[in-house]
Structures are given as C-alpha cells and as structure tokens.
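A.B. asks: I have a structure I would like to understand better, so I am pasting it below and will then ask my questions one at a time.
The values are calculated or read from the model by the stated rules, or taken from the named source; none is laboratory data. Not measured: the values here are computed from a predicted model. All Cβ positions, glycine included, derive from the backbone under ideal geometry; neighbour counts span all protein chains shown. Note: accessible area is taken over every heavy atom of the protein model, side chains too, but ligands, DNA and RNA are not part of it. Shrake-Rupley method; radii C 1.70, N 1.55, O 1.52, S 1.80 Å.
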Amino acid sequence: MNLILLGPPGAGKGTQAQRLERSRGLVQLSTGDMLRAAVKAGSEVGLKAKAVMEAGGLVSDEIVVAIIADRIAQPDVARGFILDGFPRTPAQAQALDTMLAQRGLKLDHVIEMKVDDAIMVDRVTGRFTCAKCGAGYHDRFHKPKVEGTCDQCGGHEFTRRADDNADTVRSRLDAYHAQTAPLLPYYQSKGVLRSVDGMAEIDEVTRQLEAVLAGGASLARAAN
Ligand code: AP5
Ligand code: MG
C-alpha cells in the first residue's frame with residue numbers, strides 16, 4: 001500500500017507515519033528527514049538546503065525530486081511507502097506521477113490531516129525527538145512515559161529542530177497554504193483524497209487513519 005500524508009507543519013505527519021511503519025511494515029519517506037540528514041552530513045545538497053530550511057521556505061523542486069527518485073528506487077520501498085512532506089508543489093506531484101508510472105506503482109490514498117493553524121505553532125515549538133532512534137515527543141501533548149527516557153529505545157538524549165521556532169513555523173505555514181494546499185484538488189480529482197481529523201488526540205488520529213486504510217468509505221473526503 002502506498003500513501004501520502006498531506007498537512008501543514010505540526011499536523012502530525014511524522015508522528016502517524018512512524019506508527020504506520022510499526023503497525024503496517026510500510027516505509028516512511030520523509031523529505032524533511034532526508035534533507036536534515038544532508039545538512040548534518042554537510043553534503044552539497046545539505047549546503048544548498050540549510051538556509052532555505054532555516055527560513056521556513058521550500059527547497060527547490062529539482063533537489064527534492066532527485067532525493068525521492070533515489071530513495072524510491074531502493075528495494076525496501078516495494079513493501080509499500082508513506083510519503084511524509086512530499087510532494088509539496090504541483091511540479092513535485094507531477095514528478096511523482098511520472099516516477100510511479102515508470103515503476104508500475106500507484107497511490108492508494110492521499111490523506112489530508114485537517115488541522116487549525118492556530119495550534120500548530122504550539123505543537124511544533126514543543127516538539128523534541130530521540131537522538132538515537134528518532135521517536136517524536138512533545139513537551140505537553142506526548143511526553144515520554146518516564147521523563148528523560150525514550151519509550152521506544154531507552155535513549156536519554158533528545159534533540160530539537162533548528163526550524164522549530166515560532167517565526168519559522170509561520171513562514172512554513174504560509175508556504176504550505178501557497179504551494180502545497182493546491183495539491184488537494186489535484187488528488188481530489190484523481191479520486192484518492194481522504195481526510196482525518198488531525199486535531200483529535202494522537203491515538204484517535206491513528207484510529208481514523210487505520211479506518212481509511214481498511215477502506216472506511218465514510219471517511220472519504222466530500223467534494224467541495
Ligand atoms: P518537514 O520535516 O516535512 O516539516 P513540516 O512539513 O514543516 O512538518 P513537521 O515535521 O513540522 O510536522 P509533522 O506534520 O511531521 O508533525 P509531527 O508529527 O512532528 O520539512 C522541513 C523543511 O524541509 C521544510 O520547511 C522545507 O524547507 C524542507 N522540505 C521538506 N520537504 C520538502 C519538499 N518536498 N519540497 C521542498 N522543501 C522541502 O507533530 C508535531 C508535534 O505535535 C510533535 O511534538 C507531536 O508529538 C505533536 N503531535 C502530533 N500529533 C498530535 C496530536 N494529534 N495532538 C497533539 N499533539 C500532536
Ligand atoms: Mg515531520
């Protein structure tokens with residue numbers, strides 16, 4: 001099964017993709033994670049992406065499409081994938097269509113995580129991540145069961161993202177509405193768009209996603 005999780009910064013794409021990886025054996029393909037790894041490694045791509053990411057803008061389609069094309073060619077992706085943070089522009093969506101057609105693959109669902117922008121700044125600025133395994137947490141909404149210890153791997157070191165400050169989040173929200181939201185009607189017209197209530201509690205969002213994957217027709221997104 002191949003999915004896209006679509007939603008603004010803080011919508012819960014990464015949180016839910018990690019859960020679907022564990023429950024369904026799908027592979028999470030997060031362009032944000034790939035770009036952050038490139039920045040950390042100091043590669044050519046990382047050097048080009050760093051300033052754009054810190055300002056909350058979008059990295060060029062050319063760079064991002066090349067990263068995904070490389071990743072989608074790897075054998076583990078045949079298990080099924082969850083795209084998290086890609087595509088983000090109409091050009092990326094078209095490049096994805098071409099890549100999938102070349103590989104004889106199709107998208108089963110594009111799932112919009114519907115949220116209110118007002119709370120996204122709180123969500124993103126409170127986020128932290130296990131430095132060892134990448135599990136995601138939140139200062140208020142999702143604390144580790146034992147303070148200072150990762151639930152998943154027992155690690156004790158946590159990191160925060162350089163772009164998780166209030167000003168940058170606002171720029172990222174603007175980029176989402178200007179450049180990514182236009183993909184909703186595109187996928188609606190292809191008949192693959194579904195939605196879940198991203199404002200619900202994390203477990204409830206997972207339940208709604210599982211219902212979509214199980215074919216719950218009631219969650220199909222109504223035409224506007
Ligand atoms: P990316 O890493 O994709 O960031 P983003 O889209 O801004 O989304 P986030 O990762 O901030 O949010 P999320 O939806 O994953 O939320 P999460 O689950 O962590 O991209 C970063 C940058 O890279 C971009 O700005 C751009 O520069 C560049 N980039 C990446 N892809 C690109 C592309 N395709 N083209 C061009 N540039 C690209 O949840 C957030 C917090 O809320 C967590 O702490 C979590 O615990 C908590 N939480 C989650 N769900 C809930 C809930 N239901 N209730 C309460 N709390 C919740
Ligand atoms: Mg994320």
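A.B. asks: Please specify each residue of the range 1-39 satisfying the condition of being part of a loop (DSSP other than H, G, I, E, B) and of a type in the set (Lys, Arg).
C.D. replies: none
A.B. asks: Taking the options 106, 145, name whichever one is over 28 Å from residue 47 (Cα atoms), open to solvent by 30 Å² or more (accessible area, probe 1.4 Å) and under 19 Å from the mean Cα position of the chain (by Cα).
C.D. replies: Working: 145 fails: under 19 Å from the mean Cα position of the chain (by Cα).
Within the list 106, 145, the selection yields 106.
A.B. asks: Consider residue 215 against the criteria (1) more than 16 Å from ligand 2 (Cβ to nearest atom); (2) of a type outside the set (Lys, Arg); (3) within 17 Å of the chain's Cα centre (by Cα); (4) open to solvent by 20 Å² or more (accessible area, probe 1.4 Å): it satisfies all of them except one. Which criterion is unmet?
C.D. replies: Of (1) more than 16 Å from ligand 2 (Cβ to nearest atom); (2) of a type outside the set (Lys, Arg); (3) within 17 Å of the chain's Cα centre (by Cα); (4) open to solvent by 20 Å² or more (accessible area, probe 1.4 Å), only one is false for residue 215: (3).
A.B. asks: Okay, moving on. Which pairs have Cβ atoms under 6 Å, sit 6 or more apart or on different chains, and link a residue in the range 200-216 that is touching a residue at least 12 places away in the same chain (Cβ under 8 Å) to one that is open to solvent by 30 Å² or more (accessible area, probe 1.4 Å) and charged (D, E, K, R)?
C.D. replies: Every condition considered, the pairs that remain are 206/19; 212/194.
A.B. asks: Given (1) open to solvent by 70 Å² or more (accessible area, probe 1.4 Å); (2) without any contact (Cβ under 8 Å) to a residue 40 or more places away in the chain; (3) not small (Gly, Ala, Ser), identify the lone condition not met by residue 114.
C.D. replies: (2)
A.B. asks: Looking for something surrounded by 16 or more Cβ atoms within 10 Å (Cβ to Cβ), near ligand 1 (Cβ under 10 Å from one of its atoms) and closer than 29 Å to residue 202 by Cβ - is there at least one such residue anywhere in the range 59-66?
C.D. replies: yes
A.B. asks: Out of all the residues in the range 40-51, is one or more part of a helix (DSSP H, G or I) and either within 13 Å of residue 180 (Cβ to Cβ) or open to solvent by less than 40 Å² (accessible area, probe 1.4 Å) (or both)?
C.D. replies: Scanning the range 40-51, I find at least one residue that is part of a helix (DSSP H, G or I) and either within 13 Å of residue 180 (Cβ to Cβ) or open to solvent by less than 40 Å² (accessible area, probe 1.4 Å) (or both), so the answer is yes.
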